Each structure stands twice: as structure tokens, then as C-alpha cells.
Amino acid sequence: MSVWKYEKAHVMIERTIMLMVMFFAVSLVLLGRLFYLQILQGDRFLSLAERNRTAVRFVMPERGHIFDRNGVILADNKKIFQAVLIKEQTPDYKKSIENFAKIIPLEEEEIESILNEAKYKRAFKPIQIKDNLTKEQIYQIHLNAPSLLGIQVEESLIRSYPQKDMVTHLVGYVSLLNEKDSHEKIKDELFDLPGYRIGRTGIEQSQEQLLEGKPGYTKTEINAMGRTVQQLEKVKPEAGQDLYLTIDQRLQEFSTKVFGKESGAAIVVDVRTGEVLAFVSVPTFDANLFLSRISSKKWSALLHNEKNPLQNKALTGLYSPGSIFKLVVALAGLEGKDISASAKVNCSGVTKLGKHLFHCWKKEGHGALTLRQALEHSCDVYFYEMAQKIGHEKILETAKKLGFGALVTNELQGEKIGLIPSEEWKKKRYKEEWRMGDTLNLSIGQGFLTATPLQLVRAVAEIANGGYPVDIHFIKKEVNFERGERMFEPYHLKLVQNGMFDVVNSATGTAYASRFDLNGMKMAGKTATTQVRRISLKEREEGVKKQKDLPWIYRDHALFAAYAPTDKPKYAVIVVVEHGGGGSSAAAPIASKILRHALTLDMENAKLKETGTGK
């Protein structure tokens, strides 16, 4: 009996100890967890608790305005009302969007875009459903609130382009964010703003960081139902920086409209300062189209237009410079002492190189010509013959001096560099050696050579201003009027300038029909017509087809480069008319009107300044 009592007591002690150990172990785990939650993870859970109690909403900053040189607004902002969806405030956000579309119609692409955004956006982040709501639409949303759970109306800002299609390719446009944008900058608070838009092209894109501004926010206390109890904190947004461009909107609009229905580009620059006063690419389009989700019908119309309105032809168009390049060849020959002012070349209409014939544009030939006359008449044979003496190396070296084959500006993105061909390039590209025939094609600006209108206008500006480098720019800044070193001998430049003067002002010049005399101010220039198709020997024998008899896409490009006034150059212009047929007939008249208008505006500005009514 005593043994049994002893064993019973022993078992009780063991069980008590075991229970105490288990109790101690559980207490240790609980204390450890408590330590982890309150000490190690205290800040995190405090933040989560705060989030349950408060709501933070970012406030759209006002995007920086864009003005022309005279203060005309090119890109503005306006207040709008938009409908947004917050997924966490509805058990079925797809149903809410479906009900919304019954009240305010949405296109299928819009619904698809909203649903795609909803997939990757956090539940508490607002998603824009519709912007630019009318009063009637706002009333309908409020009346149907019970079936639109998670959808609310709020005030916002949207970009506005008052000039519509007049400056689209320079100013550019903004558009809504997409999934790729959000994944790239997921931590940027700007991307949490419903309806936030980012610059896609032009100045809007390249100057995004200056224009975007800094968002503000409001912090409010909310109850268990998600309704606001009180405002805890408010920080105002900071507006983006305003920008003033060098563009004169009056000249920009005139230069755009003077093209009519043609396709092409025009640029006007100040040859002294490098300021761009007009930057045209036509056809153009209304930048406001891209502020909201663009319909597939409208997008398709832009995308499949044969004249390609979406392309910024002034910046990215690559063209053979044609006879404008003869200015470069002339300078190369003069600088290298391979051409003299008095030396003549007899043009019979063709140059023979081995078994190959290189034709002049004038079938019967021009006869004996000096350099000045060769420029005036744009004689191909003269430059074929001279190019053989000069050599392609000197020609390409001179072209590079004038900026061919190099970017012109860092103020716009997407600029094309063009092509300056070389022996190395041809060998790598075609596995062939450079031939004299390549040099002859180069001498008239054809063959492999390509350039952008922006490169061409810079070259003409540097020829016009006496051979000084020009800093082409679009954003207003303090201009340094101190010129760098001359790139060419003044006498050689004068010879080329004289030839350009005769192109326009001599009765036998190729652009004589486009001349003007505005209070003694005249224009000098150079025509160019570049082929976009190869003319076969058979066609030459049977007779080359007239431009009007060809489909538009096969017609020659028309170019004209010019400057004015001739006695004291101020403006240079390049005009490219795609498939225009002829530089003298299509491009020169447009350039003449543009330069004349630029000089007229100068006179008007001077008169206003005199009377004290202008800037």
C-alpha cells in the first residue's frame, strides 16, 4: 500500500513538471511572438493600422504650360470631372463597370483597357473610367450610385492644345499611362493618379521632367464604412515649369496652311541665333485626339494614311538632298582649289563614265557654264565633271563640316541621323568597293546620301551667315551672339551665295518665278528634285513619263532651300514637298511665301514697337 502511494505521488510530480514545462514553453512562444509583433514589426503594423484608419489620395499637379516666343499658349490645362473606380470598395468591380457602360456608353476597347489596368493596379488605387464628364453624366452617376459600387466622381486636370493641329509635331502630346509605363515606374506617386498623362512626343516628351510637376495629397480619417470623418493633412501640388519656345505661332500657322493638301516639311531658323521660328510637318493631326483613349477607327485612319500624318517629317524624314547638295560640292571644290570661279564646263546633256551614261536634267544640255551659272541652272554635268576632280573624300569632309550625318538638337527625341556614305560603309553594307559612279551620284545629292530637313536647314543657315556654326534650338534661352570660327573662306562663300542669288533673281534661274522684292529685301535659294524610282534606259529612249502621269507615290520629291534678306541674311528655310514633282514648281513657291511672311511679321513687329503697342 505504501509502495502504491509512493508511485502515485511520483507520477503526480512527473505530470506536474511536464505541465509546467509545457506551460513555460507555450508562454515562451507567446512572449516571443509578442516581442516580434510589437517590437520588431511594430512600425509595420502601426502603418497598417494607420492605413485602416486613414486614406491618402494624391492630387494632380498642374502641368507646365508651353508658350510660343510671344506668349501665345500652345499647351494649356483645364479642370474636368472624371469617373474613377476603386476596386476595394466593391465586391464585383466588373459588374460596376458593366452597369456604368449602360448609363454612359463605353467602347469595347475602353472597357478592355480599364479591365487590363484593374488587373495590375492595387485594390485601393483609383482607376480612371471616363473623363471630361458632362453635368448630365455626373447627375446620372449620382442617381445610379447603388448599382455603381466603387465608382465615384472627382475633379481633375487634363491637358489642352488650343492650337489643335498647328504645332503638334513640335509640342507633341500627352496620353494616358499603360501597363508598361506603370511597371517601369511603379513607385512613382504620379503613376497612382487616375487620369495622369505622360508626354509621348515632341517637347512634351523630351521635357517631361520639367513639365510634370509634383503631386500634392490629402490625408483623411475614415470610418469602418470607408466614409470620410475628417481631414488630417493636406499638401498642395507643385505646378510644373512653364516653357517658352522659339516658335512664332503666326508664322507656324501660316507655314502649315500654305502647304494645302501636300505632304512634307518646312523649317524656318534665324541664321544668327539658331532659333527655330517655324517647324512644320504635314499632314498633321489634332493633338487633343490622344488625351483620352483613342478609338481604333481614328487610330487606323491616322496609321494607314499614305501621307503618314503621324511621322514628324521635319525631324525624322530622310530624303536625298538632291541639287541642294551642289552647294556642298561647290564649297568642297573651292576650298580644295579644285574649282575656280572662272573655269567652265561644257554641258552636252550627258557625262560618260566608261560604258555608263550620267544624264543632266536638261536633255539637250546647258552649254559652257561657270560655277555661278551651274548653280543658277542647277546643271548636273558641271558637278559630275567637277566631282571627279574633287574626289568623294573632300566632298564628304565638307558635308560633315556642315552637319550632315550628325544630330542637330538634343531638345527633341527620335531625330534621325541620315547617312553620309563612305568607302568603309559601302564595303560593310554591300561588300563592294567605292566607285567613281558613286561619287557622281553623290555630287548631285543622290545615291546613298540621305539627310533630314533639320540638317539641311542648318547647312543653309551656316552658308547664309558667313560660315559660322549655328546652334539650332526650340526652347527660348539667352543667346550668345559671339560667333565661333568661320568654317570656310568668305570669298568662297560669296561665290556660292551669288549662285543662290541668281537661282531666284536671274531670269534664267530655276526659281525665278518665286522671286520677291519686299521693300528691297530679296531671297536667294537652291532648288532640288530627287527621284524616288529608277528610270530605266528603255524609258529614257521611249520618253520619260511626266510627273502628273505617275501615281503620287512614284513622283519625285521637291525641295527648296533659301535665305533672306540677301544683303543681310536673317532667316533660312527648307521646304520639302513629298512627291511634289519639281523643286521649282512645288517647293520654291511655298518657301517664298513663308520667307516673305516672316519678313512681313518683322516689319509689323517693328512698327508696333515704334508706336509702343508691341513687345
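Dipole magnitude of region 306-397 about its Cα centre, charges +1 at Lys/Arg Cβ and -1 at Asp/Glu Cβ only, in debye to the nearest 20?
Dipole size: approximately 180 debye.
Count the net charge of all other residues whose Cβ sits under 9 Å from the Cβ of residue 580, scoring Lys and Arg as +1 and Asp and Glu as -1.
Values: positive: 555; negative: 262, 556, 578.
Summing Lys/Arg as +1 and Asp/Glu as -1 gives -2.
Less than 16 Å apart at the alpha-carbon level, and either on another chain or at least 8 residues along: which lysines does that give for residue 125?
Reachable lysines: 87, 94, 185, 187, 219.
For the charge dipole of the chain, defined by +1 on Lys and Arg C-beta atoms and -1 on Asp and Glu C-beta atoms about the Cα centroid, which residue among 111, 172, 554 has the Cα displaced farthest towards the positive pole?
It is 554.
For residue 112 and residue 143, what does the FRET efficiency come to when R0 = 22 Å and r is the distance between their Cβ atoms, rounded to the nearest 0.05?
According to the calculation, E is roughly 0.25.
Taking the Cβ of residue 389 as the centre, find all other residues whose Cβ is under 12 Å away and add up their charges (Lys, Arg: +1; Asp, Glu: -1). Don't jump to the answer; show the numbers that get you there.
Numbers: positive: 337, 394; negative: 338, 385.
Combined, the nearby Lys, Arg, Asp and Glu give 0.
Classify region 422-572 as rounded, prolate or oblate, taking a ≥ b ≥ c as the square roots of the eigenvalues of its Cα gyration tensor: rounded when a/c is under 1.5, otherwise prolate if a/b is larger than b/c and oblate if not.
It comes out oblate by the Cα gyration axes.
What net charge is computed for the residues neighbouring residue 552, neighbours being all others with C-beta under 15 Å from the C-beta of residue 552, Lys and Arg scored +1, Asp and Glu -1?
Counting the neighbours of residue 552, the net charge comes to +2.
So which helices of the chain fit the span-like rule, where a helix is a whole DSSP H run, its Cα atoms reach 24 Å or more along the axis, and its mean Kyte-Doolittle is at least -1.0?
2-35, 588-611
Using a 10 Å cut-off around each Cβ, can you sort 463, 80, 158, 390 from fewest to most neighbouring Cβ atoms?
Ranked by crowding around the Cβ, least crowded first: 80, 158, 390, 463.
So which aspartates and glutamates can residue 236 reach, going by Cα to Cα under 20 Å and dropping same-chain residues fewer than 8 places off?
Partners found: 62, 76, 154, 155, 188, 189, 192, 212, 221.
Can you compute the equivalent ellipsoid semi-axes for region 336-439, i.e. the square root of 5 times each eigenvalue of the Cα gyration tensor, sorted largest first and rounded to whole Å?
Equivalent ellipsoid semi-axes, largest first: 29, 19, 13 Å.
Whole angstrom only: what separates the Cα centroid of region 255-273 from the Cα centroid of region 97-124?
First find each Cα centre; the distance between them is then 42 Å.
Run through the DSSP bridge list for the chain and note the antiparallel percent, rounded to the nearest 5.
So the antiparallel bridges amount to about 95 percent of the total.
Which residues' amide hydrogens lie under 5 Å from the amide hydrogen of residue 339, considering only partners 5 or more residues apart or on another chain, with H built in the peptide plane?
Amide H neighbours of residue 339: 334.
Going down the table (389/526; 363/548; 427/546; 476/593; 400/426; 394/522), which pairs top 28 Å between alpha carbons?
Cα-Cα > 28 Å for 427/546; 394/522; rest within.
For the chain, with only Lys/Arg (+1) and Asp/Glu (-1) charged at the beta-carbon, what is the dipole magnitude about the Cα centre, in debye rounded to 20?
It works out to roughly 560 debye.
Which of these values of P(r) over Cα pairs in 10 Å bins from 0, in percent was calculated from the structure shown: [x] 3, 14, 20, 18, 13, 11, 8, 5, 3, 2, 1, 1, 1, 0, 0; [y] 3, 12, 17, 19, 15, 11, 8, 7, 5, 3, 1, 0, 0; [z] 3, 12, 20, 20, 14, 7, 4, 3, 3, 3, 3, 2, 2, 1, 1, 0, 0?
So the structure-derived entry is [x].
Given H placed 1.01 Å from N in the peptide plane, which residues other than close sequence neighbours of residue 130 have an amide H under 5 Å from its amide H?
83
Could you tell me which of the pairs 102/135; 570/607; 78/102; 257/607; 121/234 are separated by over 21 angstrom between their Cα atoms in the structure shown?
Details: 102/135 17 Å; 570/607 18 Å; 78/102 28 Å; 257/607 25 Å; 121/234 24 Å.
Correct reply: 78/102; 257/607; 121/234.
Going by amide H atoms built from the backbone, whose H comes under 5 Å of the H on residue 244, apart from near neighbours?
67, 476
Taking the Cα centre of region 55-244 as origin, work out the dipole magnitude from +1 charges on Lys and Arg Cβ and -1 charges on Asp and Glu Cβ, in debye rounded to 20.
Taking the Cα centre of region 55-244 as origin, the dipole is about 440 debye.
Please give the Cα centre distance for region 577-598 versus region 384-422, rounded to the nearest Å.
Here the answer is 24 Å between Cα centres.
Bear in mind that the values in this text are calculations on the coordinates, not laboratory data. Quick caveat, the model's predicted, so the values are computed rather than measured. All Cβ positions, even for glycine, are placed from backbone atoms using ideal geometry, and neighbour counts span all protein chains on display.
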